[in-house]
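Each remark here refers to the structure printed beneath this line.
The values are calculated or read from the model by the stated rules, or taken from the named source; none is laboratory data. Keep in mind that this is a model prediction, so the values were computed, not measured. Here the Cβ is made from the backbone with ideal geometry for all residues, glycine too, and neighbour counts use every protein chain on show. Please note that ligands, DNA and RNA were not included when accessible areas were found on the heavy atoms of the full protein model with its side chains. Shrake-Rupley method; radii C 1.70, N 1.55, O 1.52, S 1.80 Å.
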Amino acid sequence: MSSRVLARALLAPLVLVPGLLAGLAADPAAAAPRADPTSATGVEAAARIARPHVLVVGIDGLRLDVAERQRTPALHALMARGQTWRTLLYAPPFSTTKSGPGWSTNLTGTWPDKHKIKDNDWGASGDVADHPDVLTRVERARPELSTYAAAGWPDLTSGGPDRPVISSAVDTRVSYDGDADGWTGTDARVADAAVTHLRGPHPDASFVYFGAVDEAGHECGAAHACYADAIRRTDAHLGRLMRVVAERRARGETWTVLLTTDHGHKDAGGHGGVSPHERASFLTMDGAGAYPGQVSGDDSPVRNVDLVPTVLRQLGVPAPADLDGRPLTAPDPDPFDALTATVAGGATHEAPPGWDVDDAAMGTGGDARWRGWAFTGDARWSAAQRYQGRGGNVRERGTFAVADSDEWADAPHTGRFDSTLRSPSYDVGGHASAVVRFASHYKGHADQAGQLAVSFDGGPAQVVRTWRASRPHTIEHVPVAVPAGAERMSVQWRLTGAANGWYWAVDEPSVTPTG
């Protein structure tokens, strides 16, 4: 956040919360009276205890791999009680790995191509009106619930030169300015205010943000002792919040706690670029549906956009259609993710059961990992070349299929790239039409074509759509007419063209009969 210091220094500290003076007490846990959520009588008390509560904690610039090596009892206890997924963010040119796009992605449940915040100074370019933050969505759907946000970065909660990510529809927003006032003290004040709120009568949906870890990353780097010191101080703040949650759970209340970050840091400090350390993030969930103590690998099928639909589900709010995520514990519909263990070394050509890769027309030689359609994950594939747009394949998850002519041609070869991925057959009997749906990340080349074709009851393939120009990070819905009397339909994806063309990534394919 050091890049924000000059802009933030022009602002006075902002406080937008009733009764904030109580939150500034030296120890609000002792100074503020504890509101007993069971003190109401009869049905009201039972309803208050039964309704779910959600707390989201954001720690800016936190590298989980560094934090796990520190004396961080609150973090380790949270991970032991909950489930953790390591995630990988986008990379330039799709978006910078900075706080603006990071927190906007986490809090809106949409990727930067929707919320339009791709740097820290987004001004009027952001689209949080059409893709609002999760607390605003809760407030609009269930106004009887209390919504709360506390942060030391005003761009999240009060605006400044930029429009805030968290809108004024939220019941209570506590806003300080860590860049102007110093992050160590600011985070302590945020913790004080949050503890007071969480002890109150209606802490239904809350977001609490800490920024000192990121500032330490900028000042000294993630490999330095000062970064570790900031992590330990922030862990103490997290511990205070978790003690209040534990007290309320002991009274019979249902709580879900989610912890995440907006980006990582290079060992030498800084972020915004394409390196794995800058793109690193994670989600930890302590609540119903989580597997205690489980920690995923780098290519889990979880993405940061999954935080919002998880919060909404826990609070009984329907997920809007514009969201890019799905609840963390939702079933995984992707047939390719069964290969996750197989691709641990990089990529595999072993297709899932029922699937087939036809490389009969492929040229010879080339990089064997990328000869024809292969199955891989984002961490490995985007690292093959970091500045060619692979890091923008945000709508692929876990393991996906990729045909990469460019990487194949990096080793001696002859001939052209020509490979076909074929699906099992799908039941379309009795229907006049069907829709083929899949996540797609296609980068075009002058001498390259991507073709989607279908075959009915083992007959010849019929091309139903062709891609030539680039069409990245999309969810494709391709309607297909089903011939009268046809019972089964298979689908194929074919990439053909110059040896040194570009690529096509495909994920989560499905066929839905419609007519």
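Mind listing whichever residues of segment 338-357 are in a helix (DSSP H, G or I) and either loosely packed, with under 14 Cβ neighbours inside 10 Å or in contact with a Cys (Cβ under 6 Å, 6 or more places away or on another chain) (or both)? Within segment 338-357, ALA344, GLY345 qualify.
Residue-wise test of (1) in contact with a Cys (Cβ under 8 Å, 6 or more places away or on another chain); (2) of a type in the set (S, T, N, Q); (3) farther than 28 Å from ARG397 by Cβ.
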site	(1), (2), (3)
ALA230	no, no, yes
THR234	no, yes, yes
ARG240	no, no, yes
VAL274	no, no, no
PRO292	no, no, no
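Restricting attention to strands (runs of 3 or more DSSP E) lying wholly within segment 145-241, give those where 3 or more residues are among the small types (Gly, Ala, Ser). Hits in segment 145-241: 147-151.
Residues in segment 310-337 that are open to solvent by 70 Å² or more (accessible area, probe 1.4 Å) and either in contact (Cβ under 8 Å) with a residue 60 or more places away in the chain or over 18 Å from PRO509 (Cβ atoms) (or both): ARG313, PRO318, ALA321, PRO333. Among the residues of segment 459-473, some residue qualifies, meaning at least one is in contact (Cβ under 8 Å) with a residue 60 or more places away in the chain and in a strand (DSSP E or B). Scanning segment 368-399 for residues that are in contact (Cβ under 8 Å) with a residue 40 or more places away in the chain, open to solvent by less than 20 Å² (accessible area, probe 1.4 Å) and aliphatic (A, V, I, L, M) yields a total of 1. Look at ALA290 and say whether it is more than 13 Å from THR84 (Cβ to Cβ) and either out of contact with any Gly (no Cβ under 8 Å at 6 or more places or on another chain) or touching a residue at least 40 places away in the same chain (Cβ under 8 Å) (or both). Here the answer is no, as ALA290 does not meet what is asked. What about ALA446, is it open to solvent by 20 Å² or more (accessible area, probe 1.4 Å), of a type in the set (A, V, I, L, M, F, W, C) and assigned to a loop (DSSP other than H, G, I, E, B)? Criteria met by ALA446.
Only a single item in (1) under 22 Å from GLU508 (Cα atoms); (2) open to solvent by less than 60 Å² (accessible area, probe 1.4 Å); (3) out of contact with any Leu (no Cβ under 9 Å at 6 or more places or on another chain); (4) charged (D, E, K, R) is not met by GLU476, and it is number (3).
For SER405, are the conditions met, namely being over 30 Å from ASN106 (Cα atoms), among the polar types (S, T, N, Q) and in contact with a Ser or Thr (Cβ under 7 Å, 6 or more places away or on another chain)? Give the derivation first.
Values: over 30 Å from ASN106 (Cα atoms): yes; among the polar types (S, T, N, Q): yes; in contact with a Ser or Thr (Cβ under 7 Å, 6 or more places away or on another chain): no.
Answer is no for this residue.
Would you mind stating whether ARG243 is of a type in the set (Lys, Arg), closer than 25 Å to MET285 by Cβ and touching an Asp or Glu at 6+ places or on another chain (Cβ under 9 Å)? Steps first, answer last, please.
On the way: of a type in the set (Lys, Arg): yes; closer than 25 Å to MET285 by Cβ: yes; touching an Asp or Glu at 6+ places or on another chain (Cβ under 9 Å): no.
Taking the combined requirement at face value, the residue does not satisfy it.
Applying a threshold of 6 Å to beta carbon distances and a minimum spacing of six or more residues, or different chains, the list of pairs starting in segment 213-235 at a residue that is free of Cβ contacts under 8 Å to residues at least 12 places away in the same chain and ending at one that is part of a helix (DSSP H, G or I) reads CYS226/ALA216; CYS226/CYS220.
If you go through segment 70-127 and keep only what is of a type in the set (Asp, Glu) and modelled with pLDDT under 95, you end up with ASP119, ASP121, ASP127.
Touching a residue at least 60 places away in the same chain (Cβ under 8 Å), open to solvent by 10 Å² or more (accessible area, probe 1.4 Å) and of a type outside the set (A, V, I, L, M, F, W, C): which single residue out of SER175, SER158 fits that description?
Details: SER175 fails: open to solvent by 10 Å² or more (accessible area, probe 1.4 Å).
Of the residues listed, the single one that is touching a residue at least 60 places away in the same chain (Cβ under 8 Å), open to solvent by 10 Å² or more (accessible area, probe 1.4 Å) and of a type outside the set (A, V, I, L, M, F, W, C) is SER158.
Taking segment 106-137 as the range and being in a helix (DSSP H, G or I) and either free of Cβ contacts under 8 Å to residues at least 40 places away in the same chain or within 22 Å of PHE210 (Cα to Cα) (or both) as the test, the residues that pass are ASN106, LEU107, THR108, PRO112, HIS115, ALA124, SER125, VAL134, LEU135, THR136. Filtering segment 291-309 to residues that are out of contact with any Asp or Glu (no Cβ under 7 Å at 6 or more places or on another chain) and open to solvent by less than 20 Å² (accessible area, probe 1.4 Å) leaves SER300, VAL302, ARG303, ASN304, ASP306, LEU307, VAL308, PRO309. Hey, HIS197 hits all of (1) modelled with pLDDT of 95 or more; (2) open to solvent by less than 10 Å² (accessible area, probe 1.4 Å) but one; which does it fall short on? Condition (2) is where HIS197 drops out.
Would you confirm whether or not segment 417-435 contains a residue that is among the polar types (S, T, N, Q), under 21 Å from ALA481 (Cα atoms) and part of a loop (DSSP other than H, G, I, E, B)?
Taking segment 417-435 first, the residues among the polar types (S, T, N, Q) are 419-420, 423, 425, 433.
Then drop every residue that is not under 21 Å from ALA481 (Cα atoms), which leaves 423, 425, 433.
Still in the running and part of a loop (DSSP other than H, G, I, E, B): 423, 425.
Scanning segment 417-435 turns up at least one residue that is among the polar types (S, T, N, Q), under 21 Å from ALA481 (Cα atoms) and part of a loop (DSSP other than H, G, I, E, B).
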